[in-house]
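To keep things clear, I will list the structure first and then write my remarks on it.
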Amino acid sequence: TNGLPPPAQHNTVNNDDDEDDEWDKRIRRTGCFKENEELLICHADTNDWRKCLRELTAFKQCMQANKSST
């Protein structure tokens, strides 16, 4: 596995409420929220992680670079 929960377990679209869910809060603390959003949007658009390797690599590199802040 890639360490990410299945897409159904988190929300990439803003709800009517303005509060982040726990997943969003955790990702924001990593400093990689933008990269995560791009990865989730790619997967939602393509329904195939293999077509999102650029986004996955960017997210992975961001997480590795920010490891000490998590």
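The values are calculated or read from the model by the stated rules, or taken from the named source; none is laboratory data. Values in this document were obtained by computation on a predicted structure and should not be read as measured data. Please note: Cβ atoms are built from the backbone with ideal geometry, for glycine as well, and neighbour counts cover all protein chains shown. We work out accessible area using only protein heavy atoms, side chains counted, and drop any ligands, DNA or RNA first. Shrake-Rupley method; radii C 1.70, N 1.55, O 1.52, S 1.80 Å.
So here's what we get for this one:
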| read-out | value |
| --- | --- |
| Pairs where the first residue, in segment 31-59, is within 17 Å of Asp21 (Cβ to Cβ) and without any contact (Cβ under 8 Å) to a residue 60 or more places away in the chain and the second is of a type in the set (A, V, I, L, M) and open to solvent by less than 30 Å² (accessible area, probe 1.4 Å), C-beta under 7 Å, 6+ apart | Phe33/Ile27; Asn36/Ile27 |
| Hits in segment 1-51 - residues which are of a type in the set (S, T, N, Q), modelled with pLDDT of 65 or more and assigned to a loop (DSSP other than H, G, I, E, B) | Asn47 |
| Residues located in segment 32-45, provided they are touching a helix residue (DSSP H, G or I) at 6+ places or on another chain (Cβ under 7 Å) and either aliphatic (A, V, I, L, M) or open to solvent by 50 Å² or more (accessible area, probe 1.4 Å) (or both) | Glu38, Leu39, Leu40, Ala44 |
